[in-house]
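The values are calculated or read from the model by the stated rules, or taken from the named source; none is laboratory data. Values in this document were obtained by computation on a predicted structure and should not be read as measured data. In this analysis, Cβ positions are derived from the backbone assuming ideal geometry, glycine residues included, and neighbour counts consider all displayed protein chains.
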Amino acid sequence: MRTTTRTKRRQEGNVKREKSHSAFARAREVIPGGVNSPARAFEAVGGEPPFFARGEGACLFDIDGCRYIDYVGSWGPLILGHAHPKVVEAVCQAARRGTSFGAPTEAETELCELIAAAVPSVEKVRLVNSGTEATMSAIRLARGYTGRDVIVKFAGNYHGHVDSLLVAAGSAAATLSVPNSPGVTAGTVKDTLILQFNDVAGVKKAFTEHGQEIAGVIVEPVVGNMGCVLPAGGFLATLRDETRKHGALLIFDEVITGFRVAYGGAQSLYGVTPDLTTLGKIVGGGLPVGAYGGRAEIMDHVLPAGKVFQAGTLSGNPLATAAGIAMLKLLRDEPPYDKLEKLGARLAEGLTRAAMKAQVPHTLARVGSMMTLFFNPDPVTDWSVAAKCDTKRFGRFFWGLLDAGVYFPCSQYEVLFISAAHSEGDIDGTIAAAEKALAML
Ligand code: HOZ
């Protein structure tokens, strides 16, 4: 009986969203689970997601007319907020010239030049359509380049739904407790070696034992898929040293951190330069773009310069490249990073204060405008600690915020993002809502 009551309350929150309820029922008839990506399904927090009508600046509006201060930002791309006029204008102009050619355009070169100028490790870059495609292609390239099979990944890191990387994965795989998806065969993952994030000794041991078999190490330099988890001092440098010593490639998955924690990504912030970098999200300005790049000598192994196969009809699509170019030029010419750091610090302090006042065991991790309030008193350094978070409590906190018009990621294991469109007023309003939500726990 108690379960029924709680389920009902959670399904509707305290705010009625009748149109979203109907839209979700309709969607479930034709879309598995009613969503096109599990991360947005509210499985981890219970209840039903609002369906959205539009976004403007820092805000989202659902089809029931509710307004939310948005901290999801489409899971990272919208660092300048929703519908930035210059990005929208660039896309509209590109659409008038034709939506797809499947043939070379100068805009692709321009976007690649912008990426290469910004990201320390990148001399040449290939555009694809998603972060998943970027990581899938990067590990194929690492294997093709080195002639070795084994890829090292870290528990709780998520690199998209690439079969061989869908083990001990973060994001929706962690949220929904499906660390090893049905359909991913034992053969597919037999060359994937799982280590713990921040475990310097474990990395050294793996290289001592398997150094000659390891093609590459793929890592989120700041993890964004088991909540926000920072690299401990020396961890990234150890990865760099060990891979170099043993002739393996170091791959930074900067799909989340690229152009987010700094214009040059986490590699410029932490001063560690990988061999290959994968990008997505911000680099597409809110349209579907991924990219992988690195030293020319490695990238020239990709077909048709080299023999490693990778292709795509819509890769370098004119609408997507127009959005990416507009976004990167705005970030380069009017850098929002100081503002984002100030807003991030303000929100982090406010959330911490609120949690302490409510006597809720917590810890908060942040790099610039990405952060997580963990319902866990211990600093989260790896998946074994992250897995101990009080996710039920997080769910109640989430609903308290949603009903107060604040849209946080619907999982403890996703990071929240601030955009340059957020104001101090938005942040203070969010802290006030969090104080109330935490006090109700
Ligand atoms: N790619 C995001 C991982 N944090 C979540 C978005 C999704 O999978 O839909």
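For this structure, a couple of remarks:
- Test: residue in region 71-79 that is crowded, with 23+ Cβ neighbours inside 10 Å, under 23 Å from the mean Cα position of the chain (by Cα) and part of a helix (DSSP H, G or I): yes
- Between Tyr145, Tyr158, the distinction of being touching a residue at least 24 places away in the same chain (Cβ under 8 Å), in contact with a His (Cβ under 9 Å, 6 or more places away or on another chain), of a type in the set (Phe, Trp, Tyr) and surrounded by 18 or more Cβ atoms within 10 Å (Cβ to Cβ) belongs to Tyr145 only.
- Pair list, Cβ < 8 Å and 6+ apart or interchain, from region 48-61 residues that are under 14 Å from Ser22 (Cα atoms) to residues that are in a loop (DSSP other than H, G, I, E, B) and of a type in the set (Gly, Ala, Ser): Pro49/Ala41
- The residues of region 222-235 that are in contact with a strand residue (DSSP E or B) (Cβ under 8 Å, 6 or more places away or on another chain) and either within 15 Å of the ligand (Cβ to nearest atom) or small (Gly, Ala, Ser) (or both), listed by number, are Val222, Val223, Gly224, Gly227, Cys228, Val229.
- Some residue of region 161-177 being within 16 Å of the ligand (Cβ to nearest atom), within 16 Å of the chain's Cα centre (by Cα), closer than 26 Å to Ala39 by Cβ and surrounded by fewer than 21 Cβ atoms within 10 Å (Cβ to Cβ): yes
- The lone exception for Arg67 - which of (1) within 16 Å of the ligand (Cβ to nearest atom); (2) at pLDDT 95 or above it fails: (1)
- Among the residues making up region 412-441, those that are within 21 Å of Asn14 (Cβ to Cβ) and either among the acidic types (Asp, Glu) or part of a loop (DSSP other than H, G, I, E, B) (or both) are Glu435, Met440, Leu441.
- Residue that is farthest from the chain's Cα centre (by Cα) [pool: residues in region 366-381 that are surrounded by fewer than 21 Cβ atoms within 10 Å (Cβ to Cβ) and within 23 Å of Val200 (Cα to Cα)]: Asp378
- Only one entry in Gly405, Gly425, Gly395, Gly429 is out of contact with any Pro (no Cβ under 6 Å at 6 or more places or on another chain) and on the phi > 0 side of the Ramachandran plot, namely Gly405.
- Total residues in region 401-441 satisfying the condition of being farther than 15 Å from Ser74 by Cβ, away from the ligand (no atom under 16 Å from the Cβ) and out of contact with any Phe, Trp or Tyr (no Cβ under 6 Å at 6 or more places or on another chain): the figure is 22.
- Meets criteria (small (Gly, Ala, Ser), over 21 Å from the mean Cα position of the chain (by Cα), assigned to a loop (DSSP other than H, G, I, E, B) and within 28 Å of Lys281 (Cβ to Cβ)) for Gly227: no
- Condition check for Thr321: in contact with an Asp or Glu (Cβ under 9 Å, 6 or more places away or on another chain), in a helix (DSSP H, G or I), buried (at least 18 other Cβ atoms within 10 Å of the Cβ) and touching a residue at least 24 places away in the same chain (Cβ under 8 Å): yes
- Tally of residues being surrounded by 14 or more Cβ atoms within 10 Å (Cβ to Cβ) and either at pLDDT below 95 or outside any helix (DSSP H, G or I) (or both) across region 80-109: 6
- Test: residue in region 110-119 that is surrounded by 24 or more Cβ atoms within 10 Å (Cβ to Cβ), within 16 Å of the ligand (Cβ to nearest atom) and not in a loop (DSSP other than H, G, I, E, B): no
- Residues of region 51-64 satisfying the condition of being farther than 25 Å from Thr257 by Cβ and within 16 Å of the ligand (Cβ to nearest atom): Phe51, Phe52
- Cβ-Cβ under 8 Å pairs, at least 6 apart or on other chains, region 69-93 side over 21 Å from Gly131 (Cβ atoms), far side part of a strand (DSSP E or B) and aliphatic (A, V, I, L, M): Ile69/Val406
- Residue in region 190-197 that is buried (at least 23 other Cβ atoms within 10 Å of the Cβ) and under 24 Å from the mean Cα position of the chain (by Cα) present: yes
- Scanning region 126-153 for residues that are closer than 15 Å to Lys281 by Cα, touching a Ser or Thr at 6+ places or on another chain (Cβ under 8 Å) and of a type in the set (Val, Ile, Thr) yields a count of 2.
Here's the yes/no breakdown for (1) within 12 Å of the chain's Cα centre (by Cα); (2) surrounded by fewer than 24 Cβ atoms within 10 Å (Cβ to Cβ):
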site: Ala262; (1), (2): no, yes
site: Thr278; (1), (2): yes, no
site: Gly284; (1), (2): no, no
site: Leu303; (1), (2): no, yes
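- Unique residue being more than 16 Å from the ligand (Cβ to nearest atom) and either within 29 Å of His159 (Cα to Cα) or polar (S, T, N, Q) (or both) when the list is Pro38, Pro85, Pro32, Pro104: Pro104
- Filtered residues of region 122-142 (kept if within 16 Å of the ligand (Cβ to nearest atom) and surrounded by fewer than 24 Cβ atoms within 10 Å (Cβ to Cβ)): Asn129, Ser130, Thr132, Met136
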